[in-house]
Amino acid sequence: MNAPKSSHFRHAAAGISLALSAVLVSSCGGGGTPKEGVHSVGGSVRGLASDGMVIANGADQLTVGATATAFTLPTSLPEGASYGLTLVAQPLGQRCSITGASGTVATTPVTSVAINCTSFQWAWVGGTSGIDMPAVYDLVAVPPVANQPGGRRDAVTWTDTSGNLWLFGGEGAFSGGAGYPNDLWEYSPATGQWTWVAGEAAALTPGVYGTQGIAAATNTPGGRHWATGWTDTGNRLWLFGGLGYDAAGNWGLLNDLWSFDPATGWWTWWTGSTVTYALSQQGTHGVADAANTPGARDNVIAWTDAVGNAWIYGGFGDEPTGQVRGALDELWMYAPSTGRWTWQAGSAQTNAIAAYGTQGTESTENSPGGRYGGAAWRDATGVFWMFGGSSYFGALNDLWRSNPATLSWTWVSGSNQPSAVNAYGTLGLASAGNGPGARSQSVAWADANGDLWLFGGYGYGPTYVLEYYNDLWVFRPSRGRWSWIAGASRPNTGGTYGTLGTAAVGNTPSARLGAAGWRDPGGRLWLYGGGGYSTDTTFGYLSDFWVFGTP
C-alpha cells in the first residue's frame, strides 16, 4: 500500500501587517478650564505599545492610544468626590494593571493613578529549531521527557477541560518519506511533557472501526491529515473526515466521525463510512435524520455552539452526485445528544460563488460560497466567525460573521475578490485599512476577551508566487478592525528562537502553514510545528513548540 508523496499544498493567499501610532484622547469635562473646586483625574501610562485600551470611572470613559505616557479622564470631579478607575478593555496584545485606582479628590488635580502595561511575547518551549525531526515514541501513556510528536503539519488539536493540549495525526517525517500517522498525543502545560496516548508509532495505518456507536480499546481512526476536531461539553474529543486511510487501507477523502474519551482512553466510531469518497446524504434543510451525513472532505471549517453541538462549513470534496470535486459550501450541524446530522444551509454543488451582499449588513441571502482551509472562531457572545481560505476562484481574505440561531451571514471586512494582498499598517495600531491578505491554513484562537487571533498560513503574493507567513494579527469585534501584533511583514522568514523556555521581545516562530494551535484556560496561545521554514530558511516539517502570552 503506497501513500501519495505529500498531498496537495493547495491554493491560498498572502500576508500581513499593522500599526503603532500615538493617539491620546484627553480633555477636561466640558472643555476649557475647570471651575474652582473641580479637578481632573488622571495619571501616568508606562509600556503602552498598541491601541484598544479603555479606562473608566463609572460611566466616564476614555480610550487611550498607543504610546501614550499620560491620561486625563474627560470629566472633572468636585473636591471631596470619590473615584474608582477600572480597565474596561485591555490594549491589543498587552495586559495592563492600575495602581492608585481609587481615592478622593482633594484640592488639586489627581495625577497619581499609574497604569503599567506588559506586551505579550513568544517563548520557544520545546522541539527543535530544525526540520524533519522524527517523532520520539516511548511507552504508551507514560510521559518521559524524551517523548515528542516530531515534525508534522495539518494535525488535529483539542484543549480539554483541565487545560491539557491534545494532538492527532497530520503529515510528518517518517523513514522512507512523508507519512500520515494516527497517533494521539497529550501535552501537560503544568509538567511541560508530552504523552503518547494512543495510535501507532508508524505511518500508513488503516482505521479499525469496530461497532458503530460502541467504544472499544481496539478502535482507532486511520492515519490522516487535514481533518477537523472539537471538544464537547462532556470533555470528549471529536474527529471528522480528512485525507487518509479507510478500513481497507485505501487512501482518500474520509467522512467518518469519531470521539475519544480521555477518561477511558477509547475511541468510538459514530457516523460516516468505513471507505473513502463517500458522498453527502443531505436530506432536507433544517431536518435532522439518522440517514443524513456530510460527504467525504478535508480542510473543513468548524465551530461548536454553547450547548455542545458541532457546526462545519465547506471543505474540499465531492458534490452529492459525485460529478465534480471542489470547494463545498454546505453548512452542517451535529448534535451529540441525538447522534444526528442536520444539513442547515448551502447548496448541492461544488465551487458555489459567494453572495456578499452589503458589507456590515446581515442577510439570509448572503453566503460565503464554496471554500476550504479557512480560519474559524466562536466569540464570547456565541457568534461564529470565519476568515479566508481557498476557493475555486483563488485565495480569500474576507471575514464573515454568523449567528447560529438565525443561519444568516454578514460580510464584515476584507475583499469580495480573491488574491487580496496584506495591508499591515503600523505595528500595534488598528486601522480600517489594515488586514491580513488572502491565505489558507492559518492558526486561529479566540481569547477570553473575545478578540480573534490569526497566525501565519500561506497564500500567493502580488506576482502569484507561493508565500508563507509568520505574522500575528488580532481582530476586536467591538471595534471592527484588524491589528498587526507581531511577526514579519514579508513572507518566507526564518524563526528567531532565543533561549529555550524564555520569552523575549525578539522571539518569533518562522513562516509556516498547517501549524497546530490551542488556547489554554489562562488565555495563552500555543503553537506547534507545521510546514515551514527553520532558522536557516530551509523548508520542511517543523517540530518547534511555542507559547504566546504575558511573560
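The values are calculated or read from the model by the stated rules, or taken from the named source; none is laboratory data. All values derive from a computational prediction rather than experimental measurement. Cβ coordinates were reconstructed from backbone atoms using ideal geometry, including for glycine residues, and neighbour counts include every protein chain displayed.
Of note:
- Condition check for D289: of a type in the set (D, E) and either buried (at least 24 other Cβ atoms within 10 Å of the Cβ) or more than 23 Å from the chain's Cα centre (by Cα) (or both): yes
- Residue list for the stretch 38-60, filter: exposed (fewer than 15 other Cβ atoms within 10 Å of the Cβ) and over 19 Å from S112 (Cβ atoms): A59
For (1) crowded, with 22+ Cβ neighbours inside 10 Å; (2) among the β-branched types (V, I, T); (3) over 20 Å from G487 (Cβ atoms), each residue gets a yes or a no:
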position	(1), (2), (3)
Q359	no, no, yes
G370	yes, no, yes
G374	yes, no, no
A380	no, no, yes
A395	yes, no, no
D398	yes, no, yes
N422	yes, no, no
T426	no, yes, no
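- Those strands (runs of 3 or more DSSP E) of the stretch 290-348 in which at least 1 residues are of a type in the set (G, A, S) and over 18 Å from W238 (Cα atoms), considering only elements entirely within it, cover 316-318, 325-327, 340-345.
- For first residues located in the stretch 498-514 and free of Cβ contacts under 8 Å to residues at least 12 places away in the same chain, partners that are of a type outside the set (S, T, Y) and assigned to a loop (DSSP other than H, G, I, E, B) and lie 6+ apart or on another chain with Cβ distances below 8 Å form the pairs G506/G498.
- In the stretch 305-323, the residues that are closer than 18 Å to G252 by Cβ and modelled with pLDDT under 95: E319, P320, T321, G322, Q323
- Residue satisfying all of: in the stretch 61-87; under 16 Å from H39 (Cα atoms) and out of contact with any Gly (no Cβ under 8 Å at 6 or more places or on another chain); surrounded by the most Cβ atoms within 10 Å (Cβ to Cβ) among these: L85
- Among the candidates A335, A290, A302, residue that is under 24 Å from P181 (Cα atoms) and at pLDDT 95 or above: A302
- Identity of the residue in the stretch 338-374, over 18 Å from S415 (Cα atoms) and hydrophobic (A, V, I, L, M, F, W, C), that ends up modelled with the lowest pLDDT: A348
- Of the residues V474, V443, the single one that is closer than 29 Å to R224 by Cβ, β-branched (V, I, T) and either without any contact (Cβ under 8 Å) to a residue 40 or more places away in the chain or buried (at least 19 other Cβ atoms within 10 Å of the Cβ) (or both) is V443.
- The criterion of being closer than 21 Å to P404 by Cβ, within 27 Å of the chain's Cα centre (by Cα) and acidic (D, E) does not hold for D298.
- Residues of the stretch 101-152 that are closer than 25 Å to E171 by Cβ, assigned to a strand (DSSP E or B) and in contact (Cβ under 8 Å) with a residue 60 or more places away in the chain: W122, W124, V125, G126, I131, Q148, R152.
- For the residues V113, V125, V105, the requirement of being surrounded by 18 or more Cβ atoms within 10 Å (Cβ to Cβ) and touching a His at 6+ places or on another chain (Cβ under 8 Å) singles out V105.
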